[in-house]
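Written out below as structure tokens is the structure these notes cover.
The values are calculated or read from the model by the stated rules, or taken from the named source; none is laboratory data. Everything quoted here is computed from the prediction, not taken from an experiment. Cβ sites come from the backbone with ideal geometry, for glycine too, and all protein chains shown count toward neighbours.
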Amino acid sequence: MEKIPTREEAWILFRKYNQSESLTKHALAVEGVMRYMARKFNEDEEKWGIIGLVHDLDYEKYPDKHCAKTKEILEKENWPEDYIRAVMSHGFGIVTDVKPETQLEKVLFTIDELTGLVTTSALVRPSKSVLDMKVKSVRKKWKDKRFAAGVNREVIEQGAEMLNMELSGIIQDTIMGMREVAEEIGLKGSPEQN
């Protein structure tokens, strides 16, 4: 029987499969942005956050089976079908054919890669912080394809299109969501005082 996981259960499960500090920070960043976006769209913040937290559950141990292994693990844990589907959809066109359809799925698909670009952009700032990060800084880095070369900009653009949102708006929302977890993700830094 399906059971709705708690944040604590999701965290324990995530830590069981992930020891990497960078993957943990990424999971927390995505969770933070998903919670922010859930509030923005008047959706279930807990559900969105939990899905964001576990979206890369299998990546550290099974990178070659990304998403497929997560599906297996979450099914064994009796997670709800829509949670599993949402996690699967973030790999659309890369490792799955599960197309993002719900608002939650489209947001996860879009901001997953974008948190990576925002993180890298923050780390090259003198403050090493998202707290004083501006959209234009990220937009400037966006144009330099060698900067954060691992970030799939096409996926972000595709997601923004699915959401019917401007890229700058999505970047702003991603920054805002990451600010809420700045300390946990190591991006509090020392922002400039205005």
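Couple of notes before you dig in:
- Residue match in the range 96-107 (condition: free of Cβ contacts under 8 Å to residues at least 12 places away in the same chain, closer than 22 Å to Ile50 by Cα and touching a Phe, Trp or Tyr at 6+ places or on another chain (Cβ under 6 Å)): yes
- Identity of the residue in the range 1-15, of a type outside the set (A, V, I, L, M) and at pLDDT 95 or above, that ends up surrounded by the most Cβ atoms within 10 Å (Cβ to Cβ): Pro5
- Checking each residue in the range 161-188 for being part of a loop (DSSP other than H, G, I, E, B) and either farther than 15 Å from His26 by Cβ or in contact with a Pro (Cβ under 6 Å, 6 or more places away or on another chain) (or both) picks out Asn164, Met165, Glu166, Glu180, Glu183, Lys188.
- Taking the criterion of being surrounded by fewer than 23 Cβ atoms within 10 Å (Cβ to Cβ) and within 19 Å of Leu28 (Cβ to Cβ), the only residue of the range 75-105 that qualifies is Tyr83.
- Flag not set for Val138, criterion: touching a Leu at 6+ places or on another chain (Cβ under 7 Å) and in a loop (DSSP other than H, G, I, E, B).
- When the range 16-45 is limited to residues that are among the basic types (Lys, Arg) and under 18 Å from His90 (Cα atoms), the one that is surrounded by the fewest Cβ atoms within 10 Å (Cβ to Cβ) turns out to be Lys25.
- Residue pairs meeting the criteria (Cβ under 6 Å; at least 6 apart or on separate chains; first in contact (Cβ under 8 Å) with a residue 40 or more places away in the chain and crowded, with 24+ Cβ neighbours inside 10 Å, in the range 51-63; second part of a loop (DSSP other than H, G, I, E, B) and not hydroxyl-bearing (Ser, Thr, Tyr)): His55/His90
- For Lys71, the criteria (1) assigned to a helix (DSSP H, G or I); (2) surrounded by fewer than 19 Cβ atoms within 10 Å (Cβ to Cβ); (3) over 17 Å from the mean Cα position of the chain (by Cα) hold in every case but one, which is (2).
- Qualifying residue in the range 164-176 (condition: at pLDDT 95 or above, among the charged types (D, E, K, R) and more than 20 Å from Glu105 (Cβ to Cβ)): no
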